[in-house]
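Peer 1: Here it is, the structure in full.
Rule-based calculations on the coordinates, nothing more; no lab input. Since the model is a prediction, treat every value here as computed from it, not as a measurement. With ideal geometry, Cβ positions are generated from the backbone for all residues, glycine too; neighbour counts draw on all protein chains shown.
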2 protein chains.
Amino acid sequence: MAARTDIEIARVAVKRPIREIGAKLGIPVEALIPYGHDKAKVAQGFVAGLEGQAEGKLILVTAISPTPAGEGKTTTTVGLGDALARIGKRTAICIREASLGPNFGMKGGAAGGGMAQIVPMDEMNLHFTGDFHAITAAHNLLSALIDNHLYWGNALDIDPRRITWRRVMDMNDRALRDMVVGLGGVKNGFPRQTGFDITVASEVMAILCLARDLADLQDRLGAIVIGARRDQSPVHARDLKAEGAMTVLLKEAMQPNLVQTLEHTPAFVHGGPFANIAHGCNSVIATRTALRLADYVVTEAGFGADLGAEKFFDIKCRKAGLAPAAAVIVATVRALKMNGGTARADLGPEDVAAVERGCANLGRHIANTRGFGVPVVVAINHFTGDTAAEMAAVQAFCAAQGVQSVLCRHWAEGGAGAEELAHAVVALADAPSTFTPLYPDDMPLLAKIETVATRIYHAAEVVPEAGIREQLAAWEAAGHGHLPVCIAKTQYSFSTDPTRRGAPSGHSVPLREVRLAAGAGFVVAICGEIMTMPGLPRVPAAESIRLNAAGEIDGLF
Amino acid sequence: MAARTDIEIARVAVKRPIREIGAKLGIPVEALIPYGHDKAKVAQGFVAGLEGQAEGKLILVTAISPTPAGEGKTTTTVGLGDALARIGKRTAICIREASLGPNFGMKGGAAGGGMAQIVPMDEMNLHFTGDFHAITAAHNLLSALIDNHLYWGNALDIDPRRITWRRVMDMNDRALRDMVVGLGGVKNGFPRQTGFDITVASEVMAILCLARDLADLQDRLGAIVIGARRDQSPVHARDLKAEGAMTVLLKEAMQPNLVQTLEHTPAFVHGGPFANIAHGCNSVIATRTALRLADYVVTEAGFGADLGAEKFFDIKCRKAGLAPAAAVIVATVRALKMNGGTARADLGPEDVAAVERGCANLGRHIANTRGFGVPVVVAINHFTGDTAAEMAAVQAFCAAQGVQSVLCRHWAEGGAGAEELAHAVVALADAPSTFTPLYPDDMPLLAKIETVATRIYHAAEVVPEAGIREQLAAWEAAGHGHLPVCIAKTQYSFSTDPTRRGAPSGHSVPLREVRLAAGAGFVVAICGEIMTMPGLPRVPAAESIRLNAAGEIDGLF
């Protein structure tokens, strides 16, 4: 077991020059745009030049329903990537970028953990290469153009009450959720009620992560619906001629970022959309670039497989034409015990029965993932206190499902601790892909929501609030019926009640609100309370964050 | 004359690798943190290691009162820098960074013009190295901590009506000037009225530009006064324990940015505070770094010499202990004609009498600058239509003042066109500096304002609005009496009436408001309408900005 914390390990990591990391994937040094010595963007021209290249195997790392015990999805993504590299495969890792703002509330998120981390961890949690700042600027430019349009006469006849486009900031700031702007008289415009979301909730973020290239990015930005006219017809960003300038603001951000693991495996860290109101995975452009440069690409999706993997398959893979070759479902003994009803405080003692009860959750995710035609292996991410009997219970359960399970020790041992998992993944991925999305494009929108709810969540029904059927029908009539759906619900349960762990069935899913993300290309179905601008806690982490005498950052992790 | 536009020249510029530019100043490659191939930050450790090194000569480029005709202050700064390099002097240029937001209103600002430019121009007008985004984030973190403190019980007893700290965004967005935040009920906090300024107006920007090092930066951030308690005592950022996390957000931004001119002269482009409510010059840390690496450092200050040079001398040089060796006052025949009463539409025909009348403005700036003990040379920045008689009139005027004037053609010819100016500057700067600030630190605050108004603006009096004398006295009692003053007034006239060109005297200066910038270390005296959040015009430049087929940015310039 590593006795050091993640940040202590990351701080002493000896990073190789980023050109050496690029060289492992055949990226020439002139195609790397350096940001410091250990980060680079891969130049747009080089990325575009890969069009048509043969693509490697795409491996998704997903997980059981999350609990406070932690599952280690990113850690396993990194460990598996390192292990594939160790067994001689040309490998790249693709994960999301971190949001800046939340670091000042709770402690910052590591990119992996233990000996399976991506570095430089501190910069990845702060400004990194500026992508999120660019997204913030592009989003808020559109916002400014909307209010400016109202100010100068409102030629488009936008209904100020029907403007749905808000502003964004990469900060946890609850005071900005709901506000009246435009006060102060004639020179400041027209007062109206609006608010800020956190940047990762921006549709611009989702667009950047789904766009094929800069031209597609600009088209999608233009297609954003910002609100409606007084006749209720939609107003698009292109009606305000916003998409060109927004694209200019995003042209650097569209280039994938390249960094490295502690074992110097190339890692693309690019894009970071919310996993509830958006699809929660890294950018298509990074994944595609990685696939054209590597034989194996290991990526992950947000939350558990019911939300993250479903969106990865039905939104990202469907729309980008990606065919995942295998999926790894990460479970820990501790998280299975919590899914089996154990309280966090009681995780210490051995409890094989709780593990066995919790395996119902794992079983549901295994079946769901297989339902997409994607072969599955279970990674049991080993924690110090796990007992032999508990681990054996998980392995017996998986064997009964006809699924291989592998005990992994990458947290303590790095890639060496995940070599068995790597071999299992290679074997699974050898077969031709039989991936198919859950529902066809031409299914009606409400039926798509119902399909996800019944097939994936095992719900009995979806109950839309008043007006939602009509809204979905109107979008279908306007040509948006082919879009996939993006369901925002609690990640802690298959139901909409976060306390119902395990594998609940037969529940009712309330559909409270639907939102059209016409630029990103999905319809958001909100099934529960969704917070798009977090607040800070009573004692924010910001109070303890500072530079120490060595110039290192204390308090961030 | 160059027939190409600035952007056409900049686009085809052949830039040298930034390590070669650093090498000209003896910066080792490992002390350069690359941002792409043509921009770098100079590493904090290297900068700190220069402490105690001998310093070169500091040359200020300032100008007559600005007019719509344009003076070419930055162009002359660049041209002089290139010329000094051409005549064999080890030279560095120091200018401010550009603000992102205003580019989407009017066309973006070049960094110089013609053959005297700093590149890469497009990136310098967009995200550059992310400094302004970092300043925005640090500023808004403090804002979020304030509202969060109110939300969690307001232990400091902050009076919500007396919070003066607003939020910032690098965007022209008039709807954000005045707002009520915290609407929506208990979970969103307490409603209160506030607003956004543009990022360059942030006190964090002024602090970054005046701080000696990271420790001084943190002290100054902690000293920010964000408002007052119910007992009217000041609340500081350090009371909210904000300064450590703000410093962490700014640690990269504190490192000077290195780029190059078209002739490959090293240029530090770092910091960009407003020139009205702040001091309007590039960072102390960049200037100091440049002085320790070069024999001649050419820098500029905002607006005309009455505002820009006065603040450069009385705020930046006084507080940083800098002693400028010489000043260049830039004038053009066209701008002198406008100062002599000619309308912009009538600038075409020769008008020697108008030039002679306008020279009163030049004369005032010459005398003012000399009053600081700084020797002066006048640079006549040549425009195509200037006639020989007009130029001779300026030269005769300068000769009568005992000041050398030099005709410069750097716009058309690059550094070669400013070699005579370079020789003149070297000769002036050879004498030991006799620089002294305008007023002593221990003069009362109102007397400092009156001294600037009467000695520099030639006003008859300063008329403070009700309560201002008491406010200034209260700050003196609280220990802020030693601070310099930063006067915000129109840049177009020595008076507070922007239409009074030339050299008006005997006017009255209304003092409308005073603001304490305790972190930056000055008291702002507002003498006129000051806009701290611009709006967009009826047809914003954003509508025309886009990537062209070659991937270049059209419409930005």
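Peer 1: For the residue pair B:HIS37 and B:ILE530, what label-to-label distance in nm results when each label sits 7 Å from Cα along the Cα-to-beta-carbon direction?
Peer 2: So the two model labels end up 4.4 nm from each other.
Peer 1: Something else: Taking only the C-alpha atoms, wrap a convex hull around segment B:395-538 and report its volume per residue in Å³ as a whole number. Walk me through the intermediate numbers first.
Peer 2: Values: hull volume 29.8 nm³, N = 144.
Expressed per residue, the convex hull around the Cα atoms of segment B:395-538 is 207 Å³.
Peer 1: Further, regarding this structure: How large is the Rg to Rh ratio of the protein assembly as shown when both quantities use alpha carbon positions and Rh follows Kirkwood?
Peer 2: Details: Rg = 30.9 Å, Rh = 31.0 Å.
Radius of gyration relative to Kirkwood radius: 1.00.
Peer 1: Still on this structure: Quick one: Cα centre-to-centre distance for segment A:148-188 and segment B:375-450, in angstrom?
Peer 2: A separation of 47 Å, based on Cα centres.
Peer 1: Can you list, shortest first in nanometers, how far A:LEU50 lies from the same residue in the other copies, with each label 7 Å from Cα toward Cβ?
Peer 2: Copy-to-copy label distances at A:LEU50, shortest first: 3.9 nm.
Peer 1: Based on other C-beta atoms within 10 Å, arrange B:TYR296, A:TYR151 from fewest to most.
Peer 2: Going from least to most buried by this count: A:TYR151, B:TYR296.
Peer 1: Hey, can you grab everything whose amide H is under 5 Å from the amide H of B:THR436? Only 5+ residues off in sequence or another chain; H modelled, so Pro and N-termini drop out.
Peer 2: B:GLY373
Peer 1: Right, another one. Given a cut-off of under 8 Å on Cα pairs at least six residues apart, what relative contact order in percent is computed for segment A:217-278? Walk me through the numbers on the way to the answer.
Peer 2: Details: 56 pairs, mean separation 13.7, N = 62.
Over segment A:217-278, the number comes to 22 percent.
Peer 1: How much net charge surrounds A:VAL180 when only the other residues with a Cβ under 12 Å from the Cβ of A:VAL180 are counted, with Lys and Arg +1 and Asp and Glu -1? Intermediate results must be reported in sequence, preceding the final value.
Peer 2: Details: positive: A:ARG192, B:ARG192; negative: A:ASP178, B:ASP178.
Summing Lys/Arg as +1 and Asp/Glu as -1 gives 0.
Peer 1: Can I ask one more? So for the protein assembly as shown, taking the charge dipole from beta-carbon charges (+1 Lys/Arg, -1 Asp/Glu), which of B:TYR151, B:GLY340, A:ASN282 sits furthest toward the positive end?
Peer 2: Looking along the dipole axis, the top candidate is B:TYR151.
Peer 1: A further question follows. For chain A, what does the helix formula give at 222 nm: sum of -39500 (n - 2.57) over DSSP H segments with n ≥ 4, over the residue count, nearest 500 deg cm²/dmol?
Peer 2: Values: 17 runs with 165 residues, N = 557.
Mean residue ellipticity, 222 nm, calculated: -8500 deg cm²/dmol.
Peer 1: Continuing with the same structure: State to the nearest 20 debye the size of the charge dipole of segment B:334-397 about its Cα centre, where the only charges are +1 on K and R beta carbons and -1 on D and E beta carbons.
Peer 2: Working: 6 positive and 6 negative charges, 64 e Å.
Using Cβ point charges on Lys, Arg, Asp and Glu, segment B:334-397 gives about 300 debye.
Peer 1: May I ask for the distance between the Cα centers of segment A:68-87 and segment B:510-546, given as a whole number of Å?
Peer 2: If you average the Cα positions of each part, the centres end up 50 Å apart.
Peer 1: In straight Cα distance, which lysines are under 20 Å from B:LYS107, not counting same-chain residues fewer than 8 positions off?
Peer 2: Cross-link targets: A:LYS241, A:LYS251, B:LYS73.
Peer 1: Please list 3J(HN,Hα) in residue order for segment B:498-506, calculated via the Karplus relation 6.51 cos²θ - 1.76 cosθ + 1.60 where θ = phi - 60°; whole Hz, with x for glycine and proline.
Peer 2: x, 7, 8, 6, x, 9, x, 9, x
Peer 1: Over all directions, how big on average is the projection of the convex hull of the alpha-carbon atoms in chain A, in square nanometres? Mind showing how you got there, number by number?
Peer 2: Details: hull surface 100.6 nm².
The orientation-averaged projected area of the Cα hull of chain A comes to 25.1 nm².
Peer 1: Over segment B:503-557, consider all pairs of different Cα atoms and compute the Kirkwood hydrodynamic radius from their mean reciprocal separation; express it in Å, one decimal.
Peer 2: Working: mean 1/r = 0.0628 Å⁻¹.
For segment B:503-557, inverting the mean 1/r across all distinct Cα pairs yields 15.9 Å.
Peer 1: Only Lys, Arg, Asp and Glu count, each charged at its Cβ (+1, +1, -1, -1), so figure out the dipole size of segment B:139-213 about its Cα centre, rounded to 20 debye.
Peer 2: So the magnitude is around 200 debye.
Peer 1: Report the rotationally averaged projected area of segment B:445-526 based on its alpha-carbon convex hull, in square nanometres.
Peer 2: On the way: hull surface 20.1 nm².
The orientation-averaged projected area of the Cα hull of segment B:445-526 comes to 5.0 nm².
Peer 1: List every residue whose amide H lies under 5 Å from the amide H of B:ILE224, counting only residues 5 or more places away in sequence or on a different chain, with H placed 1.01 Å from N in the peptide plane.
Peer 2: Placed amide hydrogens put B:ALA237, B:ARG238, B:GLY519 under 5 Å from B:ILE224.
Peer 1: Calculate the dipole size of segment B:445-526 relative to its Cα centre from +1 charges on Lys and Arg beta carbons and -1 charges on Asp and Glu beta carbons; express the result in debye to the nearest 20. Display every interim value, and only then the final one.
Peer 2: Numbers: 8 positive and 7 negative charges, 57 e Å.
Its charge dipole is roughly 280 debye.
Peer 1: For each of A:SER508, B:SER99, count neighbouring Cβ atoms within 10 Å of the residue's Cβ, then give the residues from fewest to most. Intermediate values should be presented prior to the final figure.
Peer 2: Working: A:SER508 12, B:SER99 22.
Ranked by crowding around the Cβ, least crowded first: A:SER508, B:SER99.
Peer 1: Quick one: angle between helix B:73-86 and the longest Cα principal axis of chain B, in degrees between 0 and 90, rounded to 10, please.
Peer 2: Helix B:73-86 and the main axis of chain B meet at about 60 degrees.
Peer 1: Let me ask something additional. Please list, in chain and number order, the residues 5+ apart from A:ILE329 or on another chain whose amide H is under 5 Å from its amide H, with Hs placed from the backbone.
Peer 2: Under 5 Å from the amide H of A:ILE329: A:THR62, A:VAL377, A:VAL378, A:ALA379.
Peer 1: Count the net charge of all other residues whose Cβ sits under 15 Å from the Cβ of A:GLY417, scoring Lys and Arg as +1 and Asp and Glu as -1.
Peer 2: Working: positive: A:ARG86, A:ARG409; negative: A:ASP82, A:GLU263, A:ASP386, A:GLU413, A:GLU419, A:GLU420.
Once positives and negatives cancel, what remains is -4.
Peer 1: Which loop-located GluC sites (Glu not before Pro) does segment A:1-70 contain, where loop means any DSSP state but H, G, I, E or B and the Cβ has at most 11 other Cβ atoms within 10 Å? Could you put the intermediate results ahead of the total?
Peer 2: Details: sites: A:GLU8, A:GLU20, A:GLU30, A:GLU51, A:GLU55; in loops: A:GLU51, A:GLU55.
Those that pass, being in a loop and sparsely packed, are A:GLU51.
Peer 1: Under 12 Å from the Cβ of A:LEU428, count the other residues' Cβ atoms, weight Lys and Arg +1, Asp and Glu -1, and hand me the total. Kindly include the intermediate steps, with their values, before the conclusion.
Peer 2: Numbers: positive: A:LYS57, A:ARG370; negative: A:ASP430.
That works out to +1.
Peer 1: I'd like to know which of A:VAL225, A:ILE95, A:THR265 lies farthest towards the positive end of the charge dipole of chain A, counting +1 on Cβ of Lys and Arg and -1 on Cβ of Asp and Glu.
Peer 2: A:VAL225
Peer 1: So, one more: Given R₀ = 30 Å, FRET efficiency for B:ALA392-B:ASP441 by Cβ-Cβ distance, to 0.05? Before the final figure, lay out the partial values.
Peer 2: Values: r = 44 Å, r/R0 = 1.47.
Between B:ALA392 and B:ASP441 the formula returns 0.10.
Peer 1: Kindly express, to the nearest 10 degrees and within the range 0 to 90, the angle between helix A:352-371's C-alpha long axis and the longest C-alpha principal axis of chain A.
Peer 2: Approximately 60 degrees, to the nearest 10.
Peer 1: Percent relative contact order of segment B:445-526, based on C-alpha pairs within less than 8 angstrom and at least six residues apart?
Peer 2: Once divided by the residue count of segment B:445-526, the mean separation gives 35 percent.
Peer 1: Would segment B:155-204 count as rounded, prolate or oblate if I go by the C-alpha gyration tensor, calling it rounded below 1.5 in a/c and otherwise prolate when a/b exceeds b/c, oblate otherwise? Write down the numbers at each step before the final one.
Peer 2: Values: a/c = 2.60, a/b = 1.49, b/c = 1.75.
Oblate, because a/c is 1.5 or more while a/b does not exceed b/c.
Peer 1: Is the shape of segment A:131-247 best called rounded, prolate or oblate, per the rule: a/c under 1.5 gives rounded, else a/b larger than b/c gives prolate, else oblate, with a ≥ b ≥ c the square roots of the Cα gyration tensor eigenvalues? Before the final figure, lay out the partial values.
Peer 2: Numbers: a/c = 1.98, a/b = 1.24, b/c = 1.60.
Judged from the Cα gyration tensor, segment A:131-247 comes out oblate (a/c at least 1.5, b/c at or above a/b).
Peer 1: For segment A:363-410, compute Rh as the Kirkwood radius over C-alpha pairs and then the Stokes-Einstein diffusion coefficient at 37 °C and 0.692 mPa s; write the answer in µm²/s, rounded to an integer. Spell out each step's value before the answer.
Peer 2: Numbers: Rh = 11.4 Å.
Rounded to a whole number, D works out at 287 µm²/s.
Peer 1: Between B:ALA23 and B:GLN53, take the C-beta separation as r, use R0 = 22 Å, and let me know the FRET efficiency to the nearest 0.05. Each step should come with its number before you reach the end.
Peer 2: Numbers: r = 17 Å, r/R0 = 0.78.
That gives a FRET efficiency of 0.80.
Peer 1: How high is the relative contact order of segment B:131-247, given as a whole-number percent (alpha carbon pairs under 8 Å, six or more residues apart)? Could the numbers behind the result be given before it?
Peer 2: Details: 172 pairs, mean separation 34.9, N = 117.
Value for segment B:131-247: 30 percent.
Peer 1: Suppose you put the label 7 Å out from Cα in the Cβ direction; list, shortest first and in nm with one decimal, how far B:THR436 is from each other copy's label.
Peer 2: 9.1
Peer 1: By counting other Cβ atoms within 10 Å of each Cβ, how are A:ARG230, A:ARG538 ranked from fewest to most? Walk me through the numbers on the way to the answer.
Peer 2: Numbers: A:ARG230 13, A:ARG538 9.
Fewest-to-most ranking of A:ARG230, A:ARG538: A:ARG538, A:ARG230.
Peer 1: According to the square roots a ≥ b ≥ c of the eigenvalues of the Cα gyration tensor, what is the shape class of segment B:236-331, taking rounded for a/c under 1.5, prolate for a/b larger than b/c otherwise, and oblate for the remainder? If you can, show how the numbers build up before the last one.
Peer 2: Numbers: a/c = 2.08, a/b = 1.37, b/c = 1.51.
It comes out oblate by the Cα gyration axes.
Peer 1: If you put a point 7 Å past Cα along the Cβ direction, how far is that point for B:ASP497 from the same point in each other copy, in nm, smallest first?
Peer 2: Label point to label point, same position, other copies: 7.7 nm.
Peer 1: Here's another thing I want to ask about it. Taking the Kirkwood radius as the inverse of the mean 1/r across Cα pairs, report the Rg/Rh of segment A:280-330.
Peer 2: Values: Rg = 10.5 Å, Rh = 11.3 Å.
So for segment A:280-330, dividing Rg by the Kirkwood Rh gives 0.93.
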